[in-house]
Amino acid sequence: EGKNESFKKEFLDTHNAYRAKHSTPPVKYNEELNAAAQKWADHMLQINTLQHSDTKDGENVFSSWSSETLNPTGHFTQVVWKETTEVGVGVATDGNKLFVVGQYRPAGNMVMPGYFEKNVLPLGKTLPQFVIFYLLIYTFAAS
């Protein structure tokens, strides 16, 4: 439990650090999203498959054992999406495999005209766009 709680704090802090670099307000935890993300992470571990849930909220999924990546650029833009105000995270591992789910409300990555320009604000210098989510995961996996 302590490791998961430490990761959840790091997850939120890192999200908010990147959001600040994009002049985007911080997100806060939502217990409903935390519970849903945890349930989905547990489910993926049980079925040993990386896939998105059917949530209406935004979602990033990651697995430490798979070279598969589901939309890495979308992961980054969801993290810094300006209109998103709440986040939840779930972590499931069996000691060999690790699944992480981030869920976001309201969902980002809307493809309507002008939405990306309005919600993914420019910044100065930073890491390549999709790196944030993976840094979070590897920080957790290495601890």
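In this structure, A35 and E10 have a Cβ-Cβ separation that, at R0 = 25 Å, corresponds to a calculated FRET efficiency of about 0.80.
Peptides 57-63, 77-83, 45-51 ordered by packing proxy, namely the average of other Cβ atoms within 10 Å per residue, highest first: 57-63, 77-83, 45-51. Here is the size of segment 1-120 from its Cα atoms: Rg then Dmax, 13.9, 44 Å. Given R₀ = 22 Å, what would the calculated FRET efficiency be for H43 paired with S64, taking r from the Cβ atoms and rounding to 0.05? Here the calculated transfer efficiency is 0.85. Fully extending the segment from K28 to Y115, taken as 0.36 nm per residue of separation minus the present Cα-Cα distance, adds 29.1 nm.
Cross-link partners for K118 among the aspartates and glutamates, with Cα-Cα distance under 13 Å and sequence neighbours closer than 8 places in the same chain left out: E83.
Values quoted throughout were computed directly from the atomic coordinates according to the rules given, and no laboratory measurement underlies them. Being a predicted model, the structure only gives us computed values, none of them experimental. Ideal geometry is used to build each Cβ from the backbone, glycine not excepted, and the neighbour counts take in all protein chains shown.
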